[in-house]
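*Asks:* Supplied in structure tokens, the structure appears directly below.
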């Protein structure tokens with residue numbers, strides 16, 4: 001067996017594993033980002049809107065109702081919308 005083929009195969013195998021590691025990390029980052037945005041929308045935005053309404057009431061300022069929170073996860077029809 002030619003040693004140059006062995007070196008080329010080792011290089012290709014190394015690049016393949018680096019690529020798999022990159023794809024795995026990318027998927028984890030997307031999942032964490034999706035969970036963070038959902039958490040902000042469901043847990044923190046209602047409290048922020050409530051505090052904004054209290055401040056507006058103290059200042060006698062009329063504000064519109066906050067928009068309804070709805071999440072649409074593209075590519076994930078099994079997940080429920082909020």
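The values are calculated or read from the model by the stated rules, or taken from the named source; none is laboratory data. Keep in mind that this is a model prediction, so the values were computed, not measured. A quick note on method: Cβ atoms are made from the backbone with ideal geometry, for glycine too, and the neighbour counts reach across all protein chains shown.
*Asks:* Any chance segment 41-51 includes a residue that's under 30 Å from residue 63 (Cα atoms), in contact (Cβ under 8 Å) with a residue 40 or more places away in the chain and assigned to a helix (DSSP H, G or I)?
*Replies:* Yes; the residues of segment 41-51 include at least one that is under 30 Å from residue 63 (Cα atoms), in contact (Cβ under 8 Å) with a residue 40 or more places away in the chain and assigned to a helix (DSSP H, G or I).
*Asks:* A follow-up question, please. Only one residue in 47, 24, 80 is modelled with pLDDT of 85 or more and loosely packed, with under 10 Cβ neighbours inside 10 Å, so which one is that?
*Replies:* It is 47.
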